[in-house]
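Data block below; observations after.
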Amino acid sequence: MQTHSDHSSADAPMPLPPKRRSLGLAVGLLIAVAAIAAALLTNRRSTPSIALTTGPMVQQVTSEGFLLTWRVAPAEPLTLRVVSANGDAIGDIRVDREQDRWSATVSGLQPETRYRYSLTRGDATQANEQPLGRGSTRTAPAAPGSFKLLAFGDSGSGDTVQYSLAKVMAAQSPDLIVHTGDLIYPDGARGDYASKFFRPYAAMLATVPFYPSVGNHDYQTEAAAPMFEEFVLPRNGPKGQTPERHYWFDYGCARFISIDTDLGLHDLQDQVAPWLDETLTAAGDLWKICFFHHPVVTNGKTYEPTFRVIQSLVPVMERRGVALVLNGHNHMYERSHPIRGGAIVPAGEGIVYVVTGAGGDELYAERTEASPLIAFHDARQHSFTVIDVAPGAMHLQQINDQGRPIDEYDLRSHGLTAPGGATAPPPPPAAVLPAEGDRSGRGERVPREARP
Amino acid sequence: MDAIGTNGADRKRKKIFWLIAGVAVLAATFFVLRPDVRSVKGTVVRVDPATRRATLEIVDPRGGNAFEITGSIPPECEILIDEQKASLEDIRIGDFARVKGRLYWDKSVIAQRVRVERTKPASGRS
C-alpha cells in the first residue's frame, strides 16, 4: 500500500520543513504589513491637504516693493512672511483677493535688495509650519540703475523644447522678463496655463517679475481674458481700452511700454497712439523700450510687417526716441539695422527692431530673398534675448537652446535728443513704407491722408 | 498560353487604366489648386500703386483680433469708391473696403473687385 507521505519516499530531495516555511512567510508578511502601515502613517502626516495651484509669482517689482500672486486649493487665506537678508521681518504687506487669485503687495523696501518670502497656512505665530511656497526676489535698482532683461515670445507649446529652453533661460539669472505674446497655444485657454506657463517657468516666476503682452493666439479665448486673470499688471493704459491690455512701467534706467497690437488701425490710431505719445514724452531720459506681438520689421515667410502698427505707432515711437522694439509673431530671431522713416540710419539715430519669436513653439521659415533692413537673422534654432541695460548703453545677446550666444549687438545712447534736452524734430509728414519686392529699404512714399 | 503583359487585350486594359488614372490625378489637382473666390471686408492699411499691392486689415471672427492680408490689384480689377469708378491711387489708408478676389493654393490673392465705402464720422466722435 502506497502512502502519500513525502517522508516515506527515499528518492525525492528533502524540502524545508513545513513549519519553518510557514514561519518564514509569516515573518515576511508581518514585516511587509508593518512597513506599509508605517509608510501610510508617515505619508498621511506629511502630505498637505492644501497646495498652491499657481504661483507664487512675482510681479510689478519696483525699487520699493513687489507684488506676489498665487492660487491655493482649497481656497483659504495664507500667511506671507517677507524677511530681509539679515532676517528682519517686513511688516508692510497688504493682501487682496480677486475671485480665487490672491495677491500681496509688499512695500517699504530698499532698492536693489534681495528679500526672501514664504507662504504658509495658519497665523503668523505658527513659525514652524511647512511653507506651501517660497522664493526670493530683488527689488529694482533706483533710477537710473542697470539691470539684466530677458525677452522672448511665442513660447506656449507645452512640449520638451519649451521646458528645456526655460531651464537655459533660468540659468541667465535675469532681473526681469518681458514676453512678446502668444504665451499659450493654441488659443490662450485657461486650462493650458498650468502646463504651458506656470510649470515650465516656475523657478523664474518665483523670483523675477514677468510682464506679458497679448498675442493673437492668446486673444482667441475671450480676447485674452485668461491672461488678465493670471497677471496683475499696471492699470495705466489708454482710456477707453480694457485695463492692463496696454501698460507701462519703469525699471532702473528704462521705461517699458507694452501694447496689444491685436487691435485694428482705428483703435491704435485714435486711442493707443496718443497715450503712447504722452507716456514716451513723460519718460524723460530713460531708455524707451516698447514690446508688442506683431512685428514692424521682419522677413518671415509666414507674416509680413504689420502695416496697421507701422501706420499708427511707428511715427510716434520715432518722434519720441524709442531705442528698441521687441516683437514676436514670426517664430524666429531677427534684428534690424537702426531704422527711421523706413530707411536705415546710423546707430543711435533710429529704432532697432528685434523679433524674438523663437521662444518654444515650432520655428517658421524665412523668405528666400534677404531683406536689407535685417542685420541678423536665425530661423534654425530656438533662442531668446538677453539685454544688459545700463544708462547710455545696452548690450544685446541672442542665446540659443544650448546657452550659447548666436548674435551680439550694442546700442548706444540714443542720438535723437538734441543738446539741451529738446526732442528732435518730427519725421517728414509722409511715412515711407517698404514696398513689396523693394528690398532697398527706400520704399515708396504713401501719403498719409487726413481721415474724414 | 496567355502570358500577362503579352496579350493584346491586357495591354489595352492597361492603357485604359493608366488613362483613367491620369485623368483622375489631373482632376484632383485641378480641384485642389483651383483658385477659391472669396469676399472679405476690412480697413485698408497699405496701398502701393507702384507694385499694385494693398493690405487689408480684417477682424478674425473667432477671436475678434485684427489680422492683415495682402493681395495684388491688377489693372483689370474693378475699383469703385462710393459706387464711382476710381483708380488704385485714389484709395486711402483707413478706407473701409469690400474686396472680391481669388485665393490661390499658395495663399496669394488677386483682387477682382474693390468697393470702397467712405463713411461719414459718427455724431459725437472727436
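Laboratory data are not the source of any read-out in this text; all were calculated from the coordinates shown. In this text the structure is predicted, and so the values were computed from the model without any measurement. Cβ sites come from the backbone with ideal geometry, for glycine too, and all protein chains shown count toward neighbours.
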If each part is reduced to its alpha-carbon centroid, segment A:63-102 and segment B:8-30 end up apart, in Å, by 75 Å
Using label points projected 7 Å from each Cα along Cα→Cβ, tell me how many nm separate residue A:160 and residue A:380, to one decimal.
-> 2.2 nm
Nearby lysines by direct alpha-carbon distance to residue B:15 (threshold 16 angstrom, same-chain neighbours under 8 apart not counted) = none
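Could you list A:184, A:36, A:90 so that the one with the fewest beta carbons within 10 Å of its beta carbon is first and the one with the most is last? Write out the running numbers ahead of the final one.
Working: A:184 28, A:36 10, A:90 18.
So the residues, fewest neighbours to most, are A:36, A:90, A:184.
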In a solvent-free Debye calculation with one equal scatterer on each Cα, what is log10 I(q)/I(0) for segment B:36-117 at q = 0.12, 0.21 Å⁻¹, listed in the order of the q values?
-> -0.30, -0.93
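How much length is gained if the chain between residue A:349 and residue A:105 is pulled fully straight, taking 0.36 nm per residue apart and subtracting their Cα-Cα distance, in nm to one decimal? Don't skip to the answer; put the middle values down first.
Details: separation 244, 0.36 × 244 = 87.84 nm, distance 3.96 nm.
Stretched fully, the residue A:349-residue A:105 segment lengthens by 83.9 nm.
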In whole Hz, the Karplus estimates of ³J(HN,Hα) for segment A:106-111 (6.51, -1.76, 1.60; θ = phi - 60°; x where Gly or Pro) are 10, 9, x, 9, 8, x
Step through the residues of segment B:73-82 one at a time and calculate ³J(HN,Hα) from phi using the Karplus curve (6.51 cos²θ - 1.76 cosθ + 1.60, θ = phi - 60°), rounding each to whole Hz and writing x for Gly and Pro.
-> 10, x, x, 7, 5, 7, 10, 10, 10, 6
Straight-line reach from residue B:41: which lysines have a Cα under 30 Å away, not including same-chain ones fewer than 8 places off?
-> A:239, A:301, B:85, B:100, B:107, B:120
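Could you give the dipole magnitude of segment B:63-111 about its Cα centre, charging the beta-carbon of Lys and Arg +1 and that of Asp and Glu -1, in debye to the nearest 20? Before the final figure, lay out the partial values.
Values: 6 positive and 9 negative charges, 45 e Å.
That gives a dipole near 220 debye.
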Added length on full extension, which subtracts the Cα-Cα distance from 0.36 nm per residue, residue A:388 to residue A:404 | 4.2 nm
Taking every Cα atom in segment B:66-113, find the radius of gyration and the maximum pairwise distance Dmax, and write them in Å.
-> 11.3, 32
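Quick check on the exposure proxy: order B:31, A:228, A:256, A:152 from fewest to most C-beta atoms within 10 angstrom. Numbers along the way, then the final one.
Details: B:31 8, A:228 18, A:256 23, A:152 27.
Going from sparsest to densest Cβ surroundings: B:31, A:228, A:256, A:152.
Once the Cβ-Cβ distance between residue B:78 and residue A:369 is put in as r, and R0 is 30 Å, what FRET efficiency do you end up with, to the nearest 0.05? Mind showing how you got there, number by number?
Working: r = 32 Å, r/R0 = 1.05.
E(calc), rounded to 0.05, equals 0.45.
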Using every alpha carbon pair in segment A:51-112, what percent of pairs falls into each 5 Å bin from 0 up to the bin containing the largest distance?
-> 4, 17, 29, 24, 15, 9, 3, 0
Which value in nm describes the separation of the simple spin-label points at residue B:58 and residue B:13, placed 7 Å from the Cα toward the beta carbon?
-> 5.0 nm
Mind giving me the nanometre distance, one decimal, between the label points for residue A:92 and residue A:22, set 7 Å out from Cα along Cα→Cβ?
-> 7.8 nm
Taking only the alpha-carbon positions of segment A:189-240 as identical scatterers, the Debye log10 I(q)/I(0) at q = 0.30 Å⁻¹ comes out as -1.34
Can you list the HN-Hα couplings for segment A:359-365, worked out from phi with the Karplus curve (6.51, -1.76, 1.60; θ = phi - 60°), rounded to whole Hz and with x for Gly and Pro?
-> x, x, 7, 4, 7, 9, 7
Report, in whole Å, the centroid distance computed from the Cα atoms of segment A:237-257 and segment B:51-107.
-> 33 Å
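Need the full-extension length gain, residue A:83 to residue A:235, defined as separation in residues times 0.36 nm minus the C-alpha distance. One decimal, nm. Please list the in-between numbers first.
On the way: separation 152, 0.36 × 152 = 54.72 nm, distance 2.81 nm.
My answer for the length gained is 51.9 nm.
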Using only the Cα atoms of segment A:125-178, each taken as one equal point scatterer with no solvent, compute I(q) by the Debye sum, divide by I(0), and report log10 of the ratio at q = 0.30 Å⁻¹.
-> -1.24
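Can you sort A:222, B:68 by how many other beta carbons sit within 10 Å, fewest first?
Numbers: A:222 15, B:68 21.
Going from sparsest to densest Cβ surroundings: A:222, B:68.
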Any idea how far the Cα center of segment A:158-175 sits from the one of segment A:176-230, in Å?
-> 15 Å
Starting from the amide H of residue A:176, placed 1.01 Å from N in the peptide plane, find each other amide H under 5 Å away whose residue is 5 or more places distant or on another chain.
-> A:148, A:150
Run down the lysines and flag those whose C-alpha is under 28 Å from the C-alpha of residue A:167, throwing out any fewer than 8 positions away in its chain.
-> A:148, A:196
Built amide H within the under 5 Å cut-off of residue A:407, gap 5+ = A:398
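Taking segment A:153-296 on its own, what percent of its Cα-Cα pair distances exceed 20 Å? Don't skip to the answer; put the middle values down first.
On the way: 4895 of 10296 pairs.
Value for segment A:153-296: 48 percent of Cα pairs lie more than 20 Å apart.
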